[in-house]
Amino acid sequence: MDDTLHPRFSGNPPVVVKGLVNRFGDFTVHQDLSLEVREGEILGVVGGSGTGKSVLMRSIIGLQTPNDGHISVFGRTITGIDPDQDLGVRCRWGVMFQGGALFSTLTVGENVEVPLRQFYPDISPELRKEIARYKVLLSGLPEDAIAKFPSELSGGMKKRAGLARALALDPELLFLDEPTAGLDPIGAAAFDRLTRELKETLGLTVFLITHDLDTLYEICDRVAVIADKQVVAVGTIPELIETGHPWIEAYFNGPRGRAAQSSHQRAHQRQDGSE
Ligand SMILES: Nc1ncnc2c1ncn2[C@@H]1O[C@H](COP(=O)(O)OP(=O)(O)OP(=O)(O)O)[C@@H](O)[C@H]1O
């Protein structure tokens, strides 16, 4: 094993998707889609609206039963398994859904306690509270947010609360569905930095669905592009652009793509200059 690997890593890809098919009625979302997520990477997942990014995530975490194909997570087959069946791997991932998906009648702290109650029912209430408190602070929320209800939080705070809940079980694999959507640019950049820091300090692998070009440039190690019902390319942004795929070309070389790239280059030049 490579001794530069984080102690958590086994050397195997945590997620392997092969030949995935998802249909809703006559509408085919995925046809023979394959993808591997590498240990310790932040994999950005992009594609036009409705290309099936969220359906892919739901398939990987067992919330969507595919019509065909094979998915394994940490070496365990997910496809064809009852969503309630204990696979011993569900506690190894955390999910932040679009919009946070917090329980509105529970405080932030209680929301974070939900997965702890579910997976570790024997933990004492005091310890459960303390773990939840730690995750809320780790997600960059102030102490007083713990006792607040979701309706009392800003959009950015809700996202951080959703992140705290996703981190509740010390996951190895984190799924983030459009984490910076709806945030102002400063809030989005702060969320990106937090994601990168958590990935590095906690040894996470991150599957990150996004439309945010700045996020792709700033924190993603590789990017997977969904188009034509498949992953048409996966690699670093320069590798993707090399493919010449028309959607990739339009996405990264369009006005917003070029602006994100120049801002990324300027930030790195400033960093190099100050070192
Ligand atoms: N439960 C469902 N029943 C019927 N159709 C569905 C269902 N879930 C998703 N779809 C359809 O599957 C397609 C892919 O949806 P999905 O939410 O994965 O897209 P997406 O790439 O995440 O889009 P966006 O970037 O807009 O969030 C869409 O056309 C959507 O309407």
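The values are calculated or read from the model by the stated rules, or taken from the named source; none is laboratory data. Given the structure is predicted, the values throughout are model-derived calculations rather than measurements. Using ideal geometry, Cβ is built from the backbone for each residue, glycine included, and neighbour counts are taken over all protein chains shown. Calculation scope for accessible area: heavy atoms of the full protein, side chains included, ligands and nucleic acids excluded. Shrake-Rupley method; radii C 1.70, N 1.55, O 1.52, S 1.80 Å.
Assorted remarks:
- Here's how it looks for Gly47: its modeled amide H is under 5 Å from those of Ile226, which are all 5 or more places away or on a different chain.
- A crude spin-label estimate for the pair Val21 and Asn67, with each label 7 Å from Cα along the Cβ direction, gives 0.7 nm.
- Shape of the range 108-154, Cα gyration tensor, a/c cut at 1.5: prolate
- Put simply, when 29-36, 204-211 are sorted by average Cβ atoms within 10 angstrom per residue, most first, you get 204-211, 29-36.
- Per-peptide average of other Cβ atoms within 10 Å, ordering 68-75, 119-126 highest first: 68-75, 119-126
- Mean Cβ count within 10 Å, highest first, over the residues of peptides 247-254, 15-22: 15-22, 247-254
- For the range 77-225, the Kirkwood estimate of hydrodynamic radius, built from reciprocal distances between every pair of different alpha carbons, is 15.8 Å.
- Options Leu127, Pro150, Val114, ranked by Cα towards positive dipole end of the range 28-152, top entry (Cβ charges): Pro150
- Net charge in the neighbourhood of Leu169 (other residues with Cβ under 13 Å of its Cβ; Lys, Arg +1, Asp, Glu -1) is +3.
- Surface per residue (accessible, 1.4 Å probe) for the range 83-239, Å²: 44 Å²
- Cross-link table Lys158/Lys229; Lys18/Lys199; Lys129/Lys199; Lys53/Lys199; Lys18/Lys129, entries beyond 29 Å C-alpha to C-alpha: Lys158/Lys229; Lys18/Lys129
- Estimated purely from DSSP H runs of n ≥ 4, each contributing -39500 (n - 2.57), the mean residue ellipticity at 222 nm for the chain is -12000 deg cm²/dmol once divided by its residues.
- Of Asp184, Asp26, Asp214, the one that fluctuates the most in a GNM where the chain has Cα springs shorter than 10 Å: Asp26
- Diffusion coefficient, µm² s⁻¹, Stokes-Einstein with Kirkwood Rh over alpha-carbon pairs of the chain at 20 °C and 1.002 mPa s: 109 µm²/s
- Förster radius 35 Å - calculated FRET efficiency between Glu152 and Tyr120 (Cβ-Cβ, nearest 0.05): 0.80
- Here the Gaussian network model covers the chain, with springs between Cα atoms less than 10 Å apart; of Gly140, Gly50, Gly94, Gly50 fluctuates the most.
- 3J(HN,Hα) from dihedral phi, the range 40-48, Karplus parametrisation 6.51/-1.76/1.60, rounded to Hz, x for glycine, proline: x, 9, 9, 9, x, 10, 10, x, x
- Charge dipole magnitude, Cβ of K and R +1, D and E -1 - the range 20-67, Cα centre, debye nearest 20: 160 debye
- For the range 168-189, backbone nitrogen atoms closer than 18 Å to the point 7 Å from Asp144 Cα along Cα-to-C-beta are found at no residue.
- Remark on Glu178: its backbone amide H falls under 5 Å from those of Ile209, Thr210, a criterion applied only to residues 5 or more positions apart or on other chains, H modelled at 1.01 Å from N.
- Top positive-direction residue, dipole computed over the range 15-230 with Cβ charges, set Ile61, Gly48, Leu176: Ile61
- For the chain, built as a Gaussian network whose Cα springs stay under 10 Å, the top-fluctuating residue of Glu242, Glu39, Glu178: Glu242
- For the pair Ala101 and Asn12 in one chain, pulling the backbone fully straight at 0.36 nm per residue adds 29.0 nm over the alpha carbon distance.
- Rounded if a/c under 1.5, otherwise prolate or oblate - the range 148-225, Cα gyration tensor axes: oblate
- Amide H contacts of Arg76 (H built 1.01 Å from N, in plane; Pro and chain starts excluded): no residue 5 or more places away or on another chain comes under 5 Å.
- Apportionment of accessible area to carbon and sulfur, the range 172-226, percent (1.4 Å): 54 percent
- Translational diffusion coefficient (Stokes-Einstein; Kirkwood radius from C-alpha pairs) of the range 3-113 at 4 °C, 1.567 mPa s, in µm²/s: 82 µm²/s
- Whole-Hz Karplus values for the range 60-75 come out as 5, 8, x, 8, 10, 8, x, 6, 7, x, 9, 10, 10, 10, 6, x Hz, taken residue by residue from phi with 6.51 cos²θ - 1.76 cosθ + 1.60 and θ = phi - 60°; glycine and proline positions read x.
- With DNA, RNA and ligands ignored, accessible area of Ser10 (1.4 Å probe; Å², nearest 10): 70 Å²
- For the pair the range 133-150 and the range 210-275, the centres of their Cα atoms are 33 angstrom apart.
- Computed label-point distance, nm, for sites Glu239 and Thr201 using a 7 Å Cα→Cβ extension: 2.9 nm
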